[in-house]
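Undergrad: Questions regarding the structure given below will be posed in turn.
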Amino acid sequence: MALPGILGQIEGLIGTDKAVALMQAFGGREVTIPKKPEAGMELPKVIGVEAARVLASDLGSGRVLIPMAQSSRVARLRRMLKDGISHQKIAAALGCHVRTVEYHAAKVRKDPQLELDLRPPR
């Protein structure tokens, strides 16, 4: 799975599960990558000491803005659109109005990059 922006780079370094955990814990705010990550520090508590050390080594230490997580329902809706499922079936499966599905389908048609902005479901 390709996560957007800096998360895609982080995903390549520490894997999808840890990148998603980072997004869920720190999405929408900055997190500090310490020079020498140790147990008990904020970042290693979420992704583990070894993964934090990989980030420090490859990205360097400092503050990084973590993008906000997309809602699980919107991610599922976009995944279903990409899979070619009908708007009616998507609306029924997600318990939303078919116009909601049509709205997101139009957004994806207008900006295909949105299809790539998916994360694994919880």
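The values are calculated or read from the model by the stated rules, or taken from the named source; none is laboratory data. None of these values were measured; they are calculated from a predicted model. Every residue, glycine among them, receives a Cβ derived from its backbone with ideal geometry; neighbour counts consider all protein chains shown. Side chains are part of the model used for accessible areas, which takes the heavy atoms of the whole protein and leaves out ligands, DNA and RNA. Shrake-Rupley method; radii C 1.70, N 1.55, O 1.52, S 1.80 Å.
Undergrad: Can you give me the number of residues within the range 9-29 that are open to solvent by less than 10 Å² (accessible area, probe 1.4 Å) and free of Cβ contacts under 8 Å to residues at least 12 places away in the same chain?
TA: The total comes to 0.
Undergrad: Restricting attention to the range 30-44, does a residue exist that is of a type in the set (Ser, Thr, Tyr), open to solvent by less than 50 Å² (accessible area, probe 1.4 Å) and in contact (Cβ under 8 Å) with a residue 24 or more places away in the chain?
TA: No, the range 30-44 contains no residue that is of a type in the set (Ser, Thr, Tyr), open to solvent by less than 50 Å² (accessible area, probe 1.4 Å) and in contact (Cβ under 8 Å) with a residue 24 or more places away in the chain.
Undergrad: Taking the range 56-79 as the search range and keeping residues that are over 17 Å from the mean Cα position of the chain (by Cα) and in contact (Cβ under 8 Å) with a residue 12 or more places away in the chain, which one is most open to solvent (accessible area, probe 1.4 Å)?
TA: The selected residue is ARG63.
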